[in-house]
1. When 132, 82 are ordered from fewest to most other Cβ atoms inside 10 Å of their Cβ, what list results?
2. What is the order of 120, 31, fewest Cβ neighbours within 10 Å to most?
3. Place the peptides 5-11, 46-52 in order of packing, highest mean first, counting for every residue the other Cβ atoms within 10 Å and averaging per peptide.
4. Based only on other Cβ atoms within 10 Å, what is the fewest-to-most ordering of 189, 154?
5. With just the Cα atoms defining each centre, how far is the range 1-53 from the range 126-164? Give it in Å.
6. Given points 7 Å out from each Cα along the Cα-Cβ axis, report the residue 26 to residue 184 separation in nanometres with one decimal.
């Protein structure tokens with residue numbers, strides 16, 4: 001993409017000055033949003049790690065709290081199955097993030113009289129562990145969205161700070177130098193013209209030379 005040729009005029013100078021004013025006005029708000037999104041991304045990563053650790057802890061707890069699982073002959077294959085979960089959206093610093101709204105489970109039919117009492121605890125622990133795995137998955141998606149948002153806003157901040165503002169400043173300086181030189185040249189030309197007008201014969205030497 002070729003850049004438009006800079007016009008060295010007063011109108012162009014005014015345009016460049018207006019653009020520079022706008023860039024300088026927008027940059028602080030962009031940088032603030034970048035810092036806010038960076039903080040949110042750090043929080044999301046911490047929440048993601050915490051969700052993974054919580055899921056692993058819950059799964060480990062099942063074995064610790066219910067050691068009889070290894071010995072009991074009760075058929076417990078598939079007592080809990082996650083059937084569905086709904087993900088909504090949360091607006092964080094202008095960025096839409098996924099958030100878990102609801103989760104549904106199907107529990108296999110079992111007789112509370114014919115099965116040990118700890119099966120109820122097992123069902124709840126399996127639900128908790130499955131839900132935490134879903135939360136960990138969504139937390140990972142939030143991290144990815146926020147990281148991408150941070151990259152985009154950082155690119156915009158760099159564009160304003162390192163390209164648009166310095167370019168506008170250089171253009172303004174270049175136009176001012178050109179206009180200043182042109183003004184000085186015009187003054188010199190005007191003075192020369194006045195000097196010539198003051199000379200006899202409209203500025204030409206009328207004295208005759210030797211014949």
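No lab work stands behind these numbers, since they all come straight from the coordinates. Predicted model only: the values in this text are computed from it and were never measured. Reconstructed Cβ throughout: ideal geometry from the backbone, glycine too, with neighbour counts over all protein chains shown.
1. With the sparsest Cβ surroundings first, the list reads 82, 132.
2. Numbers: 120 13, 31 16.
The order, fewest Cβ neighbours first, is 120, 31.
3. Output ranking for 5-11, 46-52: 46-52, 5-11.
4. Least to most surrounded, the residues fall as 189, 154.
5. Answer, in whole Å: 18.
6. Result: 3.6 nm between the two label points.
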